[in-house]
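Below is one structure, written out as structure tokens; the observations come after it.
The values are calculated or read from the model by the stated rules, or taken from the named source; none is laboratory data. In this text the structure is predicted, and so the values were computed from the model without any measurement. We place every Cβ from the backbone using ideal geometry, glycine too, and count neighbours over all the protein chains shown. What goes into the accessible areas is simple: the full protein's heavy atoms, side chains included, and nothing from ligands, DNA or RNA. Shrake-Rupley method; radii C 1.70, N 1.55, O 1.52, S 1.80 Å.
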Amino acid sequence: MARYLVAAGQEEDTDRAYQYAVAARELAARVGIVRETCAIAAYQAGKWSDALAEFRAARRLTGRSSYLPLMADCERGLGRLDRALEIVTGPEARAADRATQLELRIVESGIRRDQGLPEAAVVALQVPELTSRRSGAGQARLSYAYADALLEAGREEEAREWFTRAAAADRSGETDAADRVEELDDVLFEDLEDGDSEDPDRDDADLEDVDPEDSGQDDDDPDAEDPQDAGLPDDDLVDEDLDEAELARMDLGAADHARGGPAPDSEPGEHEQHDATEEPDEG
């Protein structure tokens, strides 16, 4: 019988572990630890009816109230939420020790989530022990359940904080709190990226509307400079002391520029290439 109990505890396959526990029960059905082992093995294998029957038998033999959270969770697994709540809120639960009552709160939170009441699931876990800085499996489970309830209620940032607390308290690695933190980091980062790129085509459209040759002045501005007049001297800037020969050379250069200058829509630098390759005037 002892060998079967050890095998049930070490076997990784849950169904096979339950078979070992059943073999031990056939040898010693009236031993409390045997029925407890059988109940836990059935619970881990998802055999809710068998687990509930074994927990009841183990409780009759041992008188322990620590089975109540598992019994309520079995009722929840069977879809009997009303019966699960009766165990959670019943007189036996109120008379249990504080550790058992906290485990019952965790089960109650899961029941409220199954009922479609995520905010009630959050409230069910708001107990003084929640803010304790102690570590251990019980504290890790409490913080983890609270984080899970927050996530179900759509409160991702708060959920991440409590998953982090659960990971810090879970020194034995009983929960996957650290993995849940990484998953939430990816989700929050993607949400941030989506918020920064709500209209990815907006900036490109604005850039396409900008003319590279646009000087920033309005086309209707009467004072805007005509591209054909580029390089022509302003009459007000002409020195009155210039002689007639100098003025003639300036007028001639301006006329040549007007004939061979770039079109208004040309790119910068194109007119320099055009001037370098232009055939000289035979005249």
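Of the candidates 72, 124, 84, 53, the single residue that is among the small types (Gly, Ala, Ser) and surrounded by fewer than 22 Cβ atoms within 10 Å (Cβ to Cβ) is 53. Residue 94 satisfies every condition listed in (1) in contact with a Leu (Cβ under 8 Å, 6 or more places away or on another chain); (2) closer than 25 Å to residue 53 by Cα except (1). Return the residues of region 99-123 that are under 14 Å from residue 84 (Cβ atoms) and of a type in the set (S, T, N, Q); say none if nothing qualifies. The answer is 109, 115.
Working only within region 11-25, note down all residues that are polar (S, T, N, Q) and either under 12 Å from residue 36 (Cα atoms) or open to solvent by 60 Å² or more (accessible area, probe 1.4 Å) (or both).
Going residue by residue through region 11-25, those that are polar (S, T, N, Q) are 14, 19.
19, the sole residue that qualifies.
Scanning region 26-40 for residues that are part of a helix (DSSP H, G or I) and farther than 20 Å from residue 69 by Cα, we see that the one that is most open to solvent (accessible area, probe 1.4 Å) is 26. Residues in region 41-50 that are of a type outside the set (Ser, Thr, Tyr) and open to solvent by less than 60 Å² (accessible area, probe 1.4 Å): 41, 42, 45, 46.
Among 178, 99, which is the only one that is touching a Gly at 6+ places or on another chain (Cβ under 7 Å) and either in a helix (DSSP H, G or I) or surrounded by fewer than 21 Cβ atoms within 10 Å (Cβ to Cβ) (or both)? Don't jump to the end; show me each part of the working.
On the way: 178 fails: touching a Gly at 6+ places or on another chain (Cβ under 7 Å).
Of 178, 99, the one residue that is touching a Gly at 6+ places or on another chain (Cβ under 7 Å) and either in a helix (DSSP H, G or I) or surrounded by fewer than 21 Cβ atoms within 10 Å (Cβ to Cβ) (or both) is 99.
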